Structure formats: C-alpha cells, structure tokens
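Written below as structure tokens is the structure these notes are about.
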Amino acid sequence: MALLPVADALERLLSAAKPVRRVETVALHEAEGRVLAEDVAARLTQPPFDNSAMDGYAVRHADIAERGAILTVAGTSAAGHAFMGTAGRGEAVRIFTGAPLPAFADTVLLQEDAEVLEDGRIRTTFLTPKGRHIRPRGQDFSEGDVVLKAGDVLDAGRLTVAAAMNHAHLAVYARPRIAVLATGDELVPPGTPPGASQIIASNTYGVSAIARAAGAEIIDLGIVGDDKQALLAAVRKALAQDIDVLVTLGGASVGDFDLVQPVLGEAGMELDFWRIAMRPGKPLMVGRLGPVQFVGLPGNPVSSLVCAHLFLEPLVRRLAHLPPKNRLRQAVAAVPLKENDHRQDYVRARIALDPAGNLTVTPFDKQDSSMMQVFAKAEGLLVRPPNAPAASAGAPCTVLLLRDPAA
C-alpha cells in the first residue's frame, strides 16, 4: 500500500466523521466550551425597567434647560432600591448606576455636572441634552428574543447573556466519547516499578490531554498485552460502552507482535487507510468498527503525540461540532535547513518572537521519535514538505504551534 499524503489522510478521516447528535442539559458553570444544541430565547426583558447609565440626578429636562438651575433633592434611587416617592417641578432624585429611573424623570444629570449647595440643593453646571444617560427598558433584549443560536460555542460572553436571560441550564451536544487503549507487553502504568524489559506507559496521558482539550470525554481502557484474545476482549469491551472513537496506542506496524490490525479485522473493522507519508508517525491506521471510528496511533511517544495533534484533535473537534483550530503559522528559519525526502517532516523546534514580532524557528538537534523530553521543550513543529530543498537561515517556513512562543 502506497504512503498516503498527510492532507489526503486528514480529508478522508474527517469526511467520515459525523458530529455527535446526543444532547444533554448542563448547568451554566459546566457549559464553558460546549456547543448549543438548540436556540436560546430570553425569558425576560433586559433591562426590565428604564434605569440610569451613570451616577447623578434623575430630573425633568425642562427643569435644567438653563445652566445654573437650582433643584431640590427629593430622595434617592439605588440599584435594588427604587425611589418610591413623588417629585414635583424643580425637584430631582439622587440616582446611581443601574437604579430604576423615577417615572417623572426624562434625563439623568451627571453628578459632576451638579454643584451641591450647603442646604442640600443642587445647581447645574452643564447643559445636559434631553434623554441623556438613560438605559431604556429592553435596550439589550426583550422577552422571547432568540439571542443565542444552536451551534454557538459557549464562551464568557455567551454564558453571561444566557444567565442574564434567566437560564440556569442549557441544552448542549454531548462530548464525543473517546476510548484510549494502550497495547504492549513492555508497558506498565506510571508509579509501577518496571521489570527488566519494561517501560512506563506514557502515551495515554498526552494523547488523552490533546483529545480532552479538543472537547472529548476520555475513557481510559488501560493497558493490554500482546495477546490476540486479550486485545480482542478489550476492543469488544470498548465497543460496548457507547463510544464514538476507539484509539489504540502501539501495535500498528508490521512486526510479529503488532496485533492491532489483524485483531481489529477479526472484530469487524473496515480499514480505510494505513501508513502515512510523514515523519514521525508513518504507521497511523484509520478505519471503522460499525458506527465507531478507529484511529491506531504509533507506539513511539513523539509519533503518537504528533499524530494526535494532526489527526485526533481535528477529528474530535468535528465530532464535537467545534470549528477547526488552525495551528499553522508562517515563520522564518533561524538556522539553515536540510533538504527533505519524500515524507512530510514534523520537526520539534524552538519557536520565538524576534523584536519585529516575527516567528523564528530553530529545530532541536535530536529528533528521535522516542525522545519525549525534546517534545516537552518544543513550542512547535517545523513542517518540512515532501522533497523540500535545503534552505538558508532567514528562509520562510511553516510551523505548527504547540504552545505560545517565547518572546
């Protein structure tokens, strides 16, 4: 099977992805980042009454038509405590921001535009236009107005307006359920003393973090050894848990102990594609087990993380009704770059901002796909297209940002 270009592999993966249709109701404090499953209409009018936009005095404009007008203060209107009395001609009511506007008033005189006299009366020092500094009832929205739409991603502003519309709960699409299964006799969980031929299973945590940040609910299936029956049992157990995607870690190559492809074939997987023209991450495998999408990630930690960023993150966002997240940026090489072969390279690199605000990229010297420390230090990946020629320092290039670059 020929190696599949990265762009073609991603297009095929996403074209088969159907966003989840399950809907659940969540409290506002749990709704950040979720996607609305239905329109949201206001349950009340906001503001519910005419109110003051500033601290000052509620007045009849006719009483302040001339600078130097003197008014008697008849009372106070504060937020949550409306003025309940009456005010005649030549009288004002002290009013504070957000407080209900008394029925007689048609203008708010700013407190800095009024001089307080010794007897408690006020004298105007500025000609305030009629109707100024008043928020009319319904200025923001009226009861029944559809303010938020199905498909909106709930951020700080949308959560605030949902609360203001008197909604304590919202109907959102359920998070895609992603089951993650690590494979290999050599793996033991973190915190376990490894045997002579064993290593710590680390990929699950990075891959799960990428998927969770993209909007997934993670089901950690643990570790299964290189045993066909045990792997088949783990896969069937995963499929019984109403998952949307099964992700395996390791066992996706062609060695004697790489069992994922034959075992999943026995479980009914329809293989879509396998082996990508990229480095690291060539053994990526994609298929379908009935309604469940399958993604087999390589076992090398860096290969696994790179593939998770390139393929699993966009897949989860598609399933979660979230828009694509573009991590690609233009940069300039801080050092000369070597020519590339027929595979697309993703090179761990330091990425920084120069004094002019341009991104500069410096690849790490060591790029072995088992070296997790280098990945942890990298701000991003230098993307080298297939057959890219050598480039000198200062040449334009493309980077995939993993985190904000250093200044």
Q.
Let me check against my output: what whole-number percent is the relative contact order of the chain, with C-alpha pairs under 8 Å and at least 6 apart?
A. 16 percent
Q) Using the C-alpha atoms of segment 340-407, what convex hull volume per residue, in cubic angstrom, is computed? A) 89 Å³
Q) Which net charge results when you count Lys and Arg as +1 and Asp and Glu as -1 among the other residues whose beta-carbon is under 10 Å from that of Asp244? A) +2
Q) List the lysines whose alpha-carbon lies under 20 Å from that of Lys237, not counting same-chain residues fewer than 8 positions away? A) Lys228
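Below 14 angstrom from the Cβ of Gly281, what's the summed charge of the other residues (Lys, Arg +1; Asp, Glu -1)? Write down the numbers at each step before the final one.
On the way: positive: Arg275, Arg279, Lys282, Arg343, Arg348, Arg384; negative: Glu313, Asp345, Asp368.
Here the count lands on +3.
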Q: Can you check what the net charge comes to around Thr25, using other residues whose Cβ is under 12 Å from the Cβ of Thr25 (Lys, Arg +1; Asp, Glu -1)?
A: -1
Q: Can you tell me the equivalent ellipsoid semi-axes for segment 161-248? Use √(5λ) from the Cα gyration tensor, largest first, whole Å.
A: 35, 16, 8
Q: At 25 °C and 0.890 mPa s, grab the translational diffusion coefficient of segment 10-101 from Stokes-Einstein with a Kirkwood Rh over Cα pairs, rounded to a whole number in µm² per second.
A: 136 µm²/s
Q: Report, by chain and number, residues whose modeled amide H sits under 5 Å from the one on Gly251, excluding near sequence neighbours (fewer than 5 apart, same chain).
A: Gly299
Q | Longest segment of the chain lacking GluC sites (Glu not before Pro) that sit in a DSSP loop with at most 10 other Cβ atoms within 10 Å | A | 119-338
Q. Non-local amide H neighbours of Ala92 (under 5 Å, H modeled in plane, Pro and chain starts lacking H): which ones?
A. Thr72, Val73, Ala74
Q: For segment 51-135, restrict the atom set to alpha-carbon positions and state the Rg and Dmax in Å.
A: 11.1, 32
Q.
Cross-link candidates for Lys130: which aspartates and glutamates have Cα within less than 20 Å, leaving aside residues fewer than 8 places away along the same chain?
A. Asp50, Asp55, Asp63, Glu66, Glu91, Asp106, Glu112, Asp113, Glu115
**Q.** Over segment 219-314: Rg over Rh, Cα atoms, Kirkwood Rh
**A.** 0.93
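Counting only C-alpha contacts under 8 Å and six or more residues apart, can you give the relative contact order of segment 51-135 as a whole percent?
With pairs under 8 Å counted, the relative contact order is 41 percent.
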Q | Cross-link partners of Lys377 among lysines (Cα-Cα below 20 Å; sequence separation of 8 or more within a chain) | A | Lys366
Q. Which trypsin sites (Lys or Arg not before Pro) does segment 1-81 hold that lie in a coil by DSSP with at most 10 other beta carbons within 10 Å?
A. Arg21
Q.
At a 10 angstrom cut-off on C-beta neighbours, averaged per residue, how do the peptides 238-249, 200-211, 156-167 rank from highest to lowest?
A. 238-249, 200-211, 156-167
Q.
For segment 329-401, give me the percentage of DSSP beta bridges that are antiparallel, rounded to the nearest 5 percent.
A. 90 percent
Q: Using only the Cα atoms of the chain, each taken as one equal point scatterer with no solvent, compute I(q) by the Debye sum, divide by I(0), and report log10 of the ratio at q = 0.08, 0.14 Å⁻¹.
A: -0.63, -1.17
Q) So, in Å, what gap is there between the alpha-carbon centers of segment 361-400 and segment 176-230? A) 27 Å
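Throughout, read-outs are computed from the coordinates displayed, never taken from laboratory work. As the structure is a prediction and not an experimental result, all values here were calculated from the model. Counting neighbours? That spans all protein chains shown, and the Cβs are built from the backbone with ideal geometry, glycine included.
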